[in-house]
Each structure stands twice: as structure tokens, then as C-alpha cells.
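The values are calculated or read from the model by the stated rules, or taken from the named source; none is laboratory data. The structure presented is a predicted model; accordingly, all values stated were derived computationally and were not measured. Here the Cβ is made from the backbone with ideal geometry for all residues, glycine too, and neighbour counts use every protein chain on show. Surface areas here come from the heavy atoms of the whole protein model, side chains and all, with no ligands, DNA or RNA. Shrake-Rupley method; radii C 1.70, N 1.55, O 1.52, S 1.80 Å.
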Amino acid sequence: QVQAEESGGGMVQAGGSLRLSCAASGTIFRINTMAWYRQAPGKQREWVADITSGGNTNYLDSVKGRFTISRDNAKNTVYLQMNSLKPEDTAVYYCYVEARRSMLAATQGYWGQGTQVTVSS
């Protein structure tokens, strides 16, 4: 099995910064894309950003220029640096890891348990 564990959430004032981390562990042959999603109260979960194994990144328009996704392949870890935070960024943030458990296994997606980010005005 593959586990993904987030850390780094918390409460911050508008304009502040937070850095989220997500470490994948378990039986891992290869990790492909790693991504961050978020879910605000009463809303559907939405994609925020992703990064391929080669380092290509994509961002939700509303976070472009404020959030930066990065990864450390040696540590099987993905990061989300969040700057200039706004109250509308308040949500539970989830990491999503696409991984193969062996050379012959299919790629599967694994979710973390989520970490709360609260931005006060």
C-alpha cells in the first residue's frame, strides 16, 4: 500500500504564508504526477496545482503567482508554498499521488488525509 501524509497547515492572517508538505511512503516503484487539491466548506473538492515527475507544473488560475508547487523525488515529497493568502483560500488541502507499486503494476492514485488551512481577514 502507499500512504500520503500532509503537514504544515494552520491558521494565518490574510497576506501571510504557509508551506504544505506531503510525503508518500510504503511500497513505491515510481511516482508520476503529484498534486494538491482543496475543499472549502460546502463546496466540491477542486484541483489546485500539480507537478509531473519531470518537474512541469500547472496551477489553478486563482492561485497563479501566489502558490508554488515543487517536489523532492529523493524524498517522495511534494510541497505547496502559499504566499499572499486570502480568506477564500481557506479549505482542507489534500495531496494526491499517482504511483506504481511495482514495475508491472498499474498506476493508481492515493489521497492524503488532508490538512486544514484557515486564512483570517
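Summary table below
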item: Under-5 Å amide H pairs with Ser53, H placed in peptide plane, nonlocal only; result: Thr33
item: Chymotrypsin sites (Phe, Trp or Tyr not before Pro) restricted to DSSP loop in region 1-72 with at most 14 other C-beta within 10 Å; result: Phe29
item: In order through region 92-105: 3J(HN,Hα) via Karplus (6.51 cos²θ - 1.76 cosθ + 1.60), integer Hz, x for Gly, Pro; result: 8, 9, 10, 9, 9, 10, 9, 9, 10, 8, 7, 4, 9, 7
item: Globularity ratio of region 60-121, using Cα Rg and 2.2 N^0.38 Å; result: 1.38
item: Per residue solvent-accessible surface (Å²) - region 58-121, probe of 1.4 Å; result: 51 Å²
item: Spin-label zone in region 83-113 - amide nitrogen under 17 Å from a point set 7 Å from the Cα of Asn56 along the C-beta vector; result: 98
item: Contact order relative to length of the chain, as percent, for alpha carbon pairs under 8 angstrom and 6 or more apart; result: 37 percent
item: Region 53-76 versus region 1-51: alpha-carbon centroid distance in Å; result: 11 Å
item: Gain upon complete extension [Arg30, Lys75; 0.36 nm per residue less C-alpha separation]; result: 15.0 nm
item: Label-point separation, Trp111 to Trp47 (7 Å along Cα→Cβ), nm; result: 1.6 nm
item: Amide proton proximity set for Arg71, modelled H, under 5 Å, gap of 5+; result: Tyr79
item: DSSP bridge pairs, the chain: antiparallel proportion in percent, nearest 5; result: 90 percent
item: Phi-based couplings in Hz for region 4-12 (Karplus 6.51, -1.76, 1.60; Gly and Pro marked x); result: 10, 10, 8, 7, x, x, x, 10, 8
item: Two-site FRET efficiency, Lys86 against Gln3, from Cβ-Cβ distance with R₀ of 22 Å, rounded to 0.05; result: 0.10
item: Carbon and sulfur %, accessible surface of the chain computed with the full protein complex present, 1.4 Å; result: 46 percent
item: All lysines inside 22 Å of Lys64 as judged from Cα atoms, apart from same-chain residues fewer than 8 positions distant; result: Lys43, Lys86
item: Pairwise Cα inverse-distance average, inverted: Kirkwood Rh of the chain (Å); result: 14.4 Å
item: 5 angstrom amide H check on Thr90, placed H, neighbours 5+ away; result: Val119
